[in-house]
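The values are calculated or read from the model by the stated rules, or taken from the named source; none is laboratory data. If you're wondering where the values come from, they're calculated on a predicted model, not measured in any experiment. Cβ sites come from the backbone with ideal geometry, for glycine too, and all protein chains shown count toward neighbours. We work out accessible area using only protein heavy atoms, side chains counted, and drop any ligands, DNA or RNA first. Shrake-Rupley method; radii C 1.70, N 1.55, O 1.52, S 1.80 Å.
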Amino acid sequence: MTKKDKYEELLPQIKALIEGEKNTVGVLANVSAAIRSSLGYFWIGFYTVKDDELQLGPFQGDVACYHIPYGKGVCGAAWQRGETIIVDDVEEFPGHIACSSLSRSEIVVPVRDNKGKIWAVLDIDSINLREFDEIDKEYLEQVATLLSSWG
């Protein structure tokens with residue numbers, strides 16, 4: 001099964017998981033679990049905007065950083081820029097925050113509320129270099145859109 005096929009199966013699952021649900025922590029936890037179960041990446045999770053920083057939310061994977069300042073690391077940069085960032089090699093990203101030495105590449109997707117304000121970022125790490133591509137970007141942005149219309 002191709003990566004695209006996996007995402008095509010994943011999107012309806014995520015839609016069903018979040019539809020009508022009010023438990024934010026539960027939704028983010030289940031979305032993280034669904035992505036990890038389907039695609040098997042090393043770390044999948046959310047950082048939510050609180051008190052002018054990103055704070056660790058539900059995730060699947062090894063322990064992670066609790067706080068990320070605005071504009072710092074890949075997550076903070078995606079929040080600041082308001083756009084998805086793909087990093088082929090985290091060692092080459094200026095100011096990368098190393099929560100795990102096993103992480104080699106990363107994709108971060110902003111999640112907006114229904115008014116367009118970023119309330120979280122979806123962060124996915126891989127132990128492989130150059131893991132993420134335009135397919136990941138396209139489908140993970142669709143996941144973020146589902147969460148935007150939900151939240």
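Looking at region 97-109, can you tell me whether even one residue there is under 20 Å from GLN142 (Cα atoms), in contact (Cβ under 8 Å) with a residue 24 or more places away in the chain and among the polar types (S, T, N, Q)?
Of all residues in region 97-109, those under 20 Å from GLN142 (Cα atoms) come to 106-109.
Filter once more, keeping what is in contact (Cβ under 8 Å) with a residue 24 or more places away in the chain: 106-109.
When the remaining residues are screened for being among the polar types (S, T, N, Q), the result is none.
Within region 97-109, none of the residues are under 20 Å from GLN142 (Cα atoms), in contact (Cβ under 8 Å) with a residue 24 or more places away in the chain and among the polar types (S, T, N, Q).
Among the numbered criteria (1) among the small types (Gly, Ala, Ser); (2) touching an Asp or Glu at 6+ places or on another chain (Cβ under 8 Å); (3) open to solvent by 30 Å² or more (accessible area, probe 1.4 Å), which one does SER126 miss?
(3)
Which numbered condition trips up THR84, out of (1) surrounded by 19 or more Cβ atoms within 10 Å (Cβ to Cβ); (2) without any contact (Cβ under 8 Å) to a residue 40 or more places away in the chain; (3) touching a strand residue (DSSP E or B) at 6+ places or on another chain (Cβ under 6 Å)?
It is condition (2) that THR84 fails.
Restricting attention to region 61-71, report how many residues are modelled with pLDDT of 95 or more and open to solvent by 60 Å² or more (accessible area, probe 1.4 Å).
Number satisfying all stated conditions: 4.
Identify the single condition in (1) closer than 23 Å to LEU146 by Cβ; (2) free of Cβ contacts under 8 Å to residues at least 24 places away in the same chain; (3) aromatic (Phe, Trp, Tyr) that PHE46 does not satisfy, given that it satisfies every other one.
(2)
Determine, yes or no, whether LYS4 is surrounded by fewer than 16 Cβ atoms within 10 Å (Cβ to Cβ), of a type in the set (Lys, Arg), in contact with a helix residue (DSSP H, G or I) (Cβ under 6 Å, 6 or more places away or on another chain) and outside any strand (DSSP E or B).
yes
For ILE44, are the conditions met, namely being surrounded by 15 or more Cβ atoms within 10 Å (Cβ to Cβ), among the β-branched types (Val, Ile, Thr) and in a strand (DSSP E or B)?
Working: surrounded by 15 or more Cβ atoms within 10 Å (Cβ to Cβ): yes; among the β-branched types (Val, Ile, Thr): yes; in a strand (DSSP E or B): yes.
Taking the combined requirement at face value, the residue satisfies it.
Basic (Lys, Arg), under 14 Å from VAL74 (Cβ atoms) and open to solvent by 60 Å² or more (accessible area, probe 1.4 Å): is that true of ARG104 in this structure?
Details: basic (Lys, Arg): yes; under 14 Å from VAL74 (Cβ atoms): yes; open to solvent by 60 Å² or more (accessible area, probe 1.4 Å): yes.
Judged against the criteria, ARG104 is a match.
Of all residues in region 107-123, count the ones that are open to solvent by 40 Å² or more (accessible area, probe 1.4 Å) and outside any loop (DSSP other than H, G, I, E, B).
Going through region 107-123 one residue at a time, the tally reaches 2.
Of the conditions (1) touching a helix residue (DSSP H, G or I) at 6+ places or on another chain (Cβ under 9 Å); (2) surrounded by fewer than 17 Cβ atoms within 10 Å (Cβ to Cβ), ILE35 satisfies every one except a single condition; which number is it?
The failed condition is (2).
Pick from ILE14, ILE35: which is in a helix (DSSP H, G or I), of a type in the set (Val, Ile, Thr) and touching a Phe, Trp or Tyr at 6+ places or on another chain (Cβ under 9 Å)?
Working: ILE14 fails: touching a Phe, Trp or Tyr at 6+ places or on another chain (Cβ under 9 Å).
Step by step, each of ILE14, ILE35 is checked, and only ILE35 is in a helix (DSSP H, G or I), of a type in the set (Val, Ile, Thr) and touching a Phe, Trp or Tyr at 6+ places or on another chain (Cβ under 9 Å).
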